[in-house]
Amino acid sequence: MRLSRYFLPVLKETPGDAQVVSHQLMLRAGMIRQTAAGIYAWLPLGKRVLAKIENIVREEQDRAGAIEVLMPTIQSADLWRQSGRYDAYGPKMLRITDRHDREMLFSPTAEELFTQIFQNGAKSYRDLPRNIYQIQWKFRDEVRPRFGVLRGREFLMKDAYSFDVDYAGACHSYNRMFIAYLRTFARMGIHAIPMRADTGPIGGDLSHEFIVLAPTGESDVFYHENWEKGRDTAHVDADDAGALEAFIDGLNADYAATDEKRDMAAEAACAPSLKQSKGIEVGQVFYFGEKYTKAMGVTVQGPDGAAITPHMGSYGIGVSRLVGAIIEACHDKDGIVWPEAVAPFKVALINLRVDDAACKAAAETLYAELTAKGVEVLYDDRDERGGAKFATADLIGLPWQLVIGPKGVADGVAELKRRGGDRIEVPLAEAAARLV
Ligand code: P5A
């Protein structure tokens, strides 16, 4: 992509209304614009990051055996009356009336709809277990939308729903998602710590939140210092229910809790290794058993012909919140420092002298080579000062900067710089291959 033809409205000044660094940087880097309280337009650079995160989530859900669907955002009030949540959900639900005075709503979550859709398609115990998911916009009329995409009113969520014949099966499904979550966040270059949680309006009796440590987070968290290391999940066989349970039990042996779930005795026991921080909840998983299937009269036929009420769990990831959470964890004084897996482009190709024929020729050649090799490159071919180009590249945080200037070109080299790291000289002829 040529920057001279792109839509990248960067801001020099930090907007006064943005309190946390991710919100400030997303506005300054031209990723988002607010259109109403807690509602954002995603500009090209932001959209690319959102798509990267979405794809990692999708790949790991698919790998865990979940099946993707897409449900409508607008749902009928009657569906929600069946579970009793239409009245229970309160003012966080955006209620809408259509031209025929029918009561509708903008989905804040989708347990009811997935339960209904599953009921239409599953008849026998052989149709279980299943896990069905979507990546879809949600709306919650938050009392205090704030911190940009971290607490929006409209936000993108991955929501998955599992259906099993019994409690043991449901635990396996829960643990499968648990491990998929650890893998998902690790691939994005962040550590998310699982912590026991309350279930809130989703209901049920077992839940974990996945928390990314960040000084600007909204949750107070207490954890064993071991959590600051990554966890290796590569060896865990997700098809083996026992192995999965043992791994997760071992993991949870290290203390980690949010303020609400704080256990003073357990905390005292690991006192010398205990750390306190703030954190951002990027995902939450729930086991709630027969809560929705019973309320909505969902059964399948068992092997002996008797009716079975499926046990359910639901599993959320805050896809748009993750964009902000990753920036909270990955930035410096000059701007964003994207982990490579979620970066909007891999390389900023910077031509310092667009008026110099040799520089232009070298930059154009590299741009063509990188593009041909499938490297995502943002080519700064604008007629701007070098300082402004470096400032933009630092601000938008691409992992690599490949810099073309007159002195280097005369020597047959370009400068290759890791964002926030070292710089080296590479021969022009080798630069593209180095970046593959
Ligand atoms: C699980 C999936 C649920 O809604 N039902 C379907 C369950 N869980 S949850 O914890 O309430 O939400 C899942 C994740 O969505 C993100 N999230 C938000 N992101 C941005 N702005 C918001 N206002 C917001 N509310 C929730 C969180 O990451 C949460 O873990």
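The values are calculated or read from the model by the stated rules, or taken from the named source; none is laboratory data. Since the model is a prediction, treat every value here as computed from it, not as a measurement. Counting neighbours? That spans all protein chains shown, and the Cβs are built from the backbone with ideal geometry, glycine included. Accessible surface is based on the protein model in full, side chains and every heavy atom, while ligands, DNA and RNA are left aside. Shrake-Rupley method; radii C 1.70, N 1.55, O 1.52, S 1.80 Å.
Between the range 31-84 and the range 365-436, how many Å separate their Cα centres?
34 Å
What does the net charge come to around Ile396 if you take all other residues with beta carbon closer than 10 Å to its beta carbon, with K and R at +1 and D and E at -1?
Around Ile396, the surrounding residues sum to +1.
Over the range 290-376, what is the relative contact order in whole percent, taking alpha-carbon pairs under 8 Å and six or more residues apart?
15 percent
Using 0.36 nm times the number of residues separating Ser4 and Thr233, minus their current alpha carbon distance, what extension gain do you get?
So the chain would gain 78.1 nm between Ser4 and Thr233.
Working out 0.36 nm times the residue gap between Asn55 and Ile74, then minus their Cα-Cα distance, what length gain in nm do you get to one decimal?
Length difference between fully extended and current span is 4.4 nm.
Which cross-chain or sequence-distant (5 or more) residues have an amide H under 5 Å from the amide H of Asp381, H modelled 1.01 Å from N in plane?
Long-range HN contacts for Asp381: Leu3, Ser4.
Which shape class, rounded, prolate or oblate, goes with the range 1-137 when its Cα gyration tensor gives a ≥ b ≥ c as root eigenvalues, a/c under 1.5 marks rounded, and past that a/b bigger than b/c marks prolate?
oblate
Using Cα positions and a limit of under 18 Å, work out the lysines in reach of Lys52, with same-chain residues fewer than 8 apart set aside.
Lys158, Lys346
Taking K and R as +1 and D and E as -1, what net charge do the other residues with C-beta under 14 Å from the C-beta of Asp164 add up to?
Neighbourhood net charge equals +1.
Would you mind working out the magnitude of the charge dipole of the chain relative to its Cα centre, with +1 at each Lys and Arg C-beta and -1 at each Asp and Glu C-beta, to the nearest 20 Debye?
So the magnitude is around 1180 debye.
Counting alpha carbon pairs within less than 8 Å and at least 6 residues apart, what relative contact order, in whole percent, applies to the chain?
17 percent
Against the empirical 2.2 N^0.38 Å scaling, what ratio does the C-alpha Rg of the range 275-408 come to?
Working it through for the range 275-408, the quotient is 1.81.
Arrange the peptides 373-379, 97-103, 109-115 so that the one whose residues have, on average, the most other Cβ atoms within 10 Å appears first.
Packing order, densest peptide first, comes out as 109-115, 373-379, 97-103.
Set the Förster radius R0 to 25 Å, insert the Cβ-Cβ distance between Glu225 and Arg196 as r into 1/(1 + (r/R0)^6), and round the FRET efficiency to 0.05.
Efficiency, rounded to the nearest 0.05: 0.85.
Each label point is 7 Å from the Cα along the Cα-to-Cβ direction; what then is the distance between the points at Ala368 and Ile67, in nm?
Result for the modelled spin labels: 4.9 nm.
How charged is the neighbourhood of Met312? Take every other residue with its Cβ under 9 Å from the Cβ of Met312, and add Lys/Arg as +1 and Asp/Glu as -1.
Value of the local net charge: -2.
The range 239-276: which trypsin sites (Lys or Arg not before Pro) are DSSP loop and have at most 14 other beta-carbon atoms within 10 angstrom?
Counting only loop positions with at most 14 other Cβ atoms within 10 Å, the trypsin sites (Lys or Arg not before Pro) in the range 239-276 are Arg262.
Starting from the Cα of Ala241, step 7 Å along the direction of its Cβ; do the same at Asp87; then give the gap between the two resulting points in nm.
With each label point 7 Å from Cα toward Cβ, the separation is 3.8 nm.
In this model, which of Lys92/Lys275; Lys12/Lys360; Lys138/Lys261; Lys229/Lys294 are farther than 31 Å apart at the alpha-carbon?
The answer is Lys92/Lys275; Lys229/Lys294.
Long-range amide H contacts for Arg151: which residues qualify at under 5 Å (H placed 1.01 Å from N, peptide plane, sequence gap of 5 or more or a different chain)?
Sorted by chain and number, the residues that satisfy this are Arg146.
Nearest 5 is fine: what % of DSSP beta bridges in the range 172-259 come out antiparallel, could you say?
90 percent
For Lys373, list the aspartates and glutamates whose Cα falls under 18 Å from its own Cα; do not include residues on the same chain fewer than 8 positions away.
Glu340, Glu364, Glu430
Counting only the heavy atoms of the protein chains, how much of Arg81 is accessible to a 1.4 Å probe, in Å² to the nearest 10?
100 Å²
May I have the pair-distance distribution P(r) for the chain, computed from all Cα-Cα distances with 10 Å bins from 0 and rounded to whole percent?
Percent of pairs per bin, in order: 4, 19, 26, 23, 16, 8, 3, 0, 0.
Hey, quick one: spin label on Asp101, modelled 7 Å out along Cα-Cβ, who in the range 67-89 has an amide N within reach, i.e. under 12 Å?
No residues fall inside that zone.
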